[in-house]
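A short reminder: the numbers here are calculations on the coordinates, not readings from a lab. Since the model is a prediction, treat every value here as computed from it, not as a measurement. With ideal geometry, Cβ positions are generated from the backbone for all residues, glycine too; neighbour counts draw on all protein chains shown.
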Amino acid sequence: GVTLLRVAAEPYEFSADPARSALVIIDMQRDFLEPGGFGAALGNDVTLLRSAIAPIEATLDAARARGMLVIHTREGHRPDLSDLPPAKKSRGRLACGIGDAGPMGRILVRGEAGHGLIGELAPIEGEPVIDKPGKGAFYATDLETILRQRGIGSLILCGVTTEVCVHTTLREANDRGFECLVLSDGTASYFPQFHASALAMVKAQGGIFGWVTDSAALIAAMQ
Ligand code: TIU
């Protein structure tokens, strides 16, 4: 029989088959977490996202030790910007926006330094990296195909930002039939009140989008 992963969570215990679960780390890129990238260009204090790094690192170590599938995502665009909708390019009326040159290279463009994942959370051999042009990780990507091929039914979601790319991905995943567990300390937002509300939205109404726990509870359950 299968030994289920049973995690203390809200609104109630989350259980999943670890062999059919994946840790999905969303957009932990320099462009969102370091000065001079997209997050800063939007006017945000990027230091607010750094609290998610250590909890994700600890969770990543536990997932790798257990042989759980780990998937990384990156938001960004082709160098010719052919996958960048004008509506996204023009949003914010930014002087220096997507595709423009910044201190970490062209903002949110694949292959540029700013587009890369932060060093602490670098992928290792065998971990799929999903490049996505939108906020959700399912839109215009092969994420769903990869998950279905591996028989994955449950997702452990972390990364940034809670109410934007994590929530969009959570909602896309929920409608596709995946059970989703969100890490409260492994996610972060430029707006602490949005972070809190976004987590509250997941677990309200009996867990309308899924479950919320923290990295310590998850790691304890994975031992
Ligand atoms: N990855 C992600 O959340 N993209 C964003 O643009 N987030 C903001 O909060 N702006």
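Can you say whether ILE56 is assigned to a helix (DSSP H, G or I) and either within 16 Å of the ligand (Cβ to nearest atom) or surrounded by fewer than 24 Cβ atoms within 10 Å (Cβ to Cβ) (or both), as far as the supplied structure shows? Yes, satisfied.
The residue list GLY136, GLY126 contains one member that is under 24 Å from ALA173 (Cα atoms), in a loop (DSSP other than H, G, I, E, B) and in contact with a Cys (Cβ under 8 Å, 6 or more places away or on another chain), which is GLY136. Of all residues in the range 11-29 being of a type in the set (D, E, K, R) and away from the ligand (no atom under 12 Å from the Cβ), which is nearest to the chain's Cα centre (by Cα)? Checked the range 11-29; the qualifying residue nearest to the chain's Cα centre (by Cα) is ARG20.
ALA41 fulfils the conditions (1) touching a residue at least 40 places away in the same chain (Cβ under 8 Å); (2) within 17 Å of the chain's Cα centre (by Cα) except for a single criterion, (2). As a summary of the residue check, LYS88 satisfies the conditions (1) charged (D, E, K, R); (2) within 12 Å of the ligand (Cβ to nearest atom); (3) part of a loop (DSSP other than H, G, I, E, B) except for the one numbered (3). Taking first residues from the range 153-172 that are over 15 Å from ARG74 (Cα atoms) and partners that are among the polar types (S, T, N, Q) and within 12 Å of the ligand (Cβ to nearest atom), the Cβ contacts under 8 Å between residues at least 6 apart in sequence or on separate chains come to GLU163/SER189.
Being of a type in the set (Val, Ile, Thr) and either over 21 Å from the mean Cα position of the chain (by Cα) or over 27 Å from ALA200 (Cα atoms) (or both): is that true of VAL46 here?
no
Please work out which residue is farthest from the ligand (Cβ to nearest atom), limiting yourself to the range 30-39 and to residues that are hydrophobic (A, V, I, L, M, F, W, C) and closer than 16 Å to PRO192 by Cα.
Filtering first and then ranking leaves LEU33.
Is it true that some residue in the range 207-218 is assigned to a helix (DSSP H, G or I), touching a Phe, Trp or Tyr at 6+ places or on another chain (Cβ under 8 Å) and crowded, with 17+ Cβ neighbours inside 10 Å? Yes; the residues of the range 207-218 include at least one that is assigned to a helix (DSSP H, G or I), touching a Phe, Trp or Tyr at 6+ places or on another chain (Cβ under 8 Å) and crowded, with 17+ Cβ neighbours inside 10 Å. When the range 100-120 is filtered for residues that are more than 22 Å from the chain's Cα centre (by Cα) and either part of a loop (DSSP other than H, G, I, E, B) or loosely packed, with under 15 Cβ neighbours inside 10 Å (or both), the ones remaining, listed by number, are ASP100, ALA101, PRO103.
Only residues that are within 16 Å of the ligand (Cβ to nearest atom) and of a type in the set (S, T, N, Q) were counted across the range 59-85, and they come to 1. Given the condition touching a helix residue (DSSP H, G or I) at 6+ places or on another chain (Cβ under 9 Å), closer than 23 Å to GLY36 by Cα and not small (Gly, Ala, Ser), answer yes or no: does some residue in the range 136-157 qualify? No; the residues of the range 136-157 include none that is touching a helix residue (DSSP H, G or I) at 6+ places or on another chain (Cβ under 9 Å), closer than 23 Å to GLY36 by Cα and not small (Gly, Ala, Ser).
Scanning the range 121-137 for residues that are surrounded by 14 or more Cβ atoms within 10 Å (Cβ to Cβ) and within 16 Å of the ligand (Cβ to nearest atom) gives LEU121, ILE130, ASP131, LYS132, PRO133, GLY134, LYS135, GLY136, ALA137. Got at least one residue in the range 156-175 being small (Gly, Ala, Ser) and assigned to a loop (DSSP other than H, G, I, E, B)? No. Among the conditions (1) under 15 Å from GLU75 (Cβ atoms); (2) within 17 Å of the chain's Cα centre (by Cα); (3) within 13 Å of the ligand (Cβ to nearest atom), the only one that ALA140 does not satisfy is (3).
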